[in-house]
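Some notes on the structure that comes next.
Nothing in this text is a laboratory measurement; each read-out follows from the coordinates by a stated rule. Not measured: the values here are computed from a predicted model. Cβ sites come from the backbone with ideal geometry, for glycine too, and all protein chains shown count toward neighbours.
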Amino acid sequence: MEEIILSIKNINKKYNSRIVYENFNIDFYLNKVNCIVGKSGCGKSTILNIISGIIPNDSNDFTSLESIGLSYIFQEDRLIDWLTVEENIKLVVKKHYNKEKIEELSQKYLDLVGIEEYKNNYPQMLSGGVRQRVNIARAFIYPSKVIIMDEPFKSIDIKNKMIIMDSLKEILKRESRTVLFVTHDMDEAIYLADYIFVLGNSPVQVMQIFENNEYLTKKELYEVI
Ligand SMILES: Nc1ncnc2c1ncn2[C@@H]1O[C@H](COP(=O)(O)OP(=O)(O)OP(=O)(O)O)[C@@H](O)[C@H]1O
């Protein structure tokens, strides 16, 4: 059976004289968690930022994924301080659904990430772990095809990280989204990914693609990085 792919073509990026990407192509797996790993500074955030249209590609033969519907989960949560948790979540779908549907979806994602009890709180009253769960609910309530996650667990303690990663897995079991996930943490990659893309070299190349299964070890990944 032919694999269903999300093809990204013609990525080019140069910072001053340093060529980070040159005619770079990559095929991600549709409706899977695609994890991108590689040495610090190799270009992981850059590719997510180009794909999502946050920074421009140097050549104009490239189309970002902005138009197909994206949501983002970054390290910092970008919640709106003067809105409650529930209002933050509902805000992003205000133009997409009617009031009843928004109510239903908001309840669904509050439950899925386990933050129902915080729905009337304001972000500044919450711990980093809970804030990040709000962020995840907000990313998933939006009817996006692709979820972009750049180091989403970087400042979260291990216990909360496990809770959040389990919530994510639970949501992804129930609905099909293509996730593009950058991390420097091989445990996170192995826990969450369906496929792991190792980037390296300058200009960047895909060094290897691993299908994540019970036999994949951190050692194998580090050998390529
Ligand atoms: N705005 C910029 N101006 C100049 N150089 C930049 C800029 N943004 C990124 N770079 C350089 O481009 C390269 C790739 O950066 P990028 O942030 O994509 O790497 P990364 O793999 O995500 O790094 P890390 O793992 O440390 O987060 C790095 O060498 C970085 O210093």
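For region 64-154, what is the Kirkwood hydrodynamic radius in Å, using each pair of distinct C-alpha atoms?
13.2
Can you put 106, 127, 67, 52 in order, fewest other beta carbons within 10 Å first?
67, 127, 52, 106
Based only on other Cβ atoms within 10 Å, what is the fewest-to-most ordering of 222, 122, 72, 21?
By the 10 Å Cβ count, ascending, the order reads 222, 122, 72, 21.
Go from 0 up to the bin containing the longest alpha carbon distance in the chain, width 5 Å each, and give me the % of pairs per bin.
Histogramming the chain at 5 Å steps yields 1, 7, 14, 18, 19, 16, 12, 8, 4, 1, 0 percent.
Could you compute the net charge surrounding residue 9? Neighbours are other residues with a C-beta less than 10 Å from the C-beta of residue 9; K and R count +1, D and E count -1.
Cβ neighbours under 10 Å give a net charge of -2.
Give me the orientation-averaged projected area of the Cα convex hull of region 69-112, in nm², one decimal.
Taking a quarter of the hull surface, the average projection is 3.7 nm².
How do 178, 46, 63 line up, fewest other C-beta atoms within 10 Å first?
Fewest-to-most Cβ neighbours within 10 Å comes out as 63, 46, 178.
What fraction of the Cα pairs in region 1-125, stated in percent, has a spacing above 16 angstrom?
Across region 1-125, Cα pairs with separations above 16 Å total 72 percent.
Give me, ordered by chain and number, the residues 5 or more places off residue 29 or on other chains with an amide H under 5 Å from its own placed amide H.
6
Please pull out the direction-averaged projected area of region 172-212, using the convex hull of its alpha-carbon atoms, in nm² to one decimal place.
3.3
In this model, which of 44/101; 159/219; 9/44; 39/161 are farther than 27 Å apart at the alpha-carbon?
Going by Cα-Cα distance, 44/101 fall outside the 27 Å limit.
Would you kindly state the longest site-free stretch of the chain, with sites defined as trypsin sites (Lys or Arg not before Pro) in a DSSP loop (not H, G, I, E, B) surrounded by at most 11 other Cβ atoms within 10 Å?
Excluding the exposed sites themselves, the longest stretch runs over 96-225.
Name the residues whose placed amide hydrogens come within less than 5 Å of the amide hydrogen of residue 207, ignoring near sequence neighbours (fewer than 5 apart) on the same chain.
Result for residue 207 returns 198, 199, 200.
Please report, in debye to the nearest 20, how large the charge dipole of the chain is about its Cα centre when each Lys and Arg carries +1 at its beta carbon and each Asp and Glu carries -1 there.
Using only the charged Cβ atoms, the result is roughly 440 debye.
Rg/Rh for region 126-216 to two decimals, with Rh computed the Kirkwood way over all alpha-carbon pairs.
Radius of gyration over Kirkwood radius for region 126-216 works out to 0.98.
Under the Karplus relation 6.51 cos²θ - 1.76 cosθ + 1.60, θ = phi - 60°, what is the ordered set of whole-Hz ³J(HN,Hα) values for region 101-107, x standing for Gly and Pro?
5, 4, 4, 5, 5, 4, 4
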